[in-house]
Every structure is written in structure tokens, then in C-alpha cells.
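The values are calculated or read from the model by the stated rules, or taken from the named source; none is laboratory data. These numbers come from a predicted model, not from an experiment. Here the Cβ is made from the backbone with ideal geometry for all residues, glycine too, and neighbour counts use every protein chain on show. These accessible areas exclude ligands, DNA and RNA; they are computed on the full protein's heavy atoms, side chains included. Shrake-Rupley method; radii C 1.70, N 1.55, O 1.52, S 1.80 Å.
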Amino acid sequence: MFKRKQFCMDLMTMRQSKQTGYLIRKHGGKTRYVVKRSTDFLLCAAYEFAERSRDCARVKKALQLAVPVVARRFIQACVDANGLVDHKVRQVC
């Protein structure tokens, strides 16, 4: 379901990052540490995003490159639906 999709993660705890990364890789996606033009989504914990996004270089870069910044529950929603769901529903900015 995430085949040929690249995800970058930020503003998550280590545990959240590991769990989310596992789901992405299990379903064919790749995780990256740097936001580039080839990045499909930047995943954030929504509650952290509201408080810390102004200071986050990855969020700034994603917005500059028009990479969708979505809540990490986007991944679980895709897994539950067995396919990509509309990311705009889970978009945090």
C-alpha cells in the first residue's frame, strides 16, 4: 500500500517513531530522516505539532517544498482501510 512512498517523521517520541516506521516498512514504504522533493509525507504527532512546529526545520522544509504534513494516525487509517486514504483529512497544516 505504501510502495514507492517516502515518509519523513518528526515531532514524535522514539516509541511513536519506531511503531510508525515499522508499519510503513511492513506495508512497502520507506522512511527518511531528511525532507526532500522526493518525500511524499512528513508525519508528526498532532499534539506536538501545535506546540513546536514553528521551531522545526523539517516542518519548515516540508511546507517550502509543498510536502503534506500529516498526523501520524494517517498511517493507521491507511492500514485500517487497506489502502491510501485522503491525506487532507489527516493534514495538520
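Per residue, how much accessible area does the chain show when a 1.4 Å probe rolls over the protein heavy atoms, in square angstrom?
Per-residue value: 62 Å².
If each of Met1 and Lys88 carries a label point 7 Å out from its Cα toward its Cβ, how far apart are those two points in nm?
Reported label-point gap for Met1 and Lys88 is 2.1 nm.
Can you give the percent of C-alpha pairs in the chain whose distance is more than 14 Å?
Pairs farther apart than 14 Å: 60 percent.
Please give every one of the lysines within straight-line cross-link reach of Lys18, meaning a C-alpha to C-alpha distance under 22 Å, and leave out same-chain neighbours fewer than 8 residues apart.
By straight Cα distance, Lys18 reaches Lys3, Lys5, Lys26, Lys30, Lys36.
Under 18 Å from a point 7 Å along the Cα-to-Cβ line of Ala57: which residues of the stretch 15-32 have their amide N that close?
Inside the label zone: 32.
With everything on Cα atoms, drop me the angle between helix 14-26 and the longest principal axis of the chain, reported from 0 to 90° to the nearest 10.
40 degrees
Taking only DSSP H segments of four or more residues, each worth -39500 (n - 2.57), what value at 222 nm results for the chain once the sum is divided by all its residues, to the nearest 500 deg cm²/dmol?
Helix contribution divided over all residues of the chain: -11500 deg cm²/dmol.
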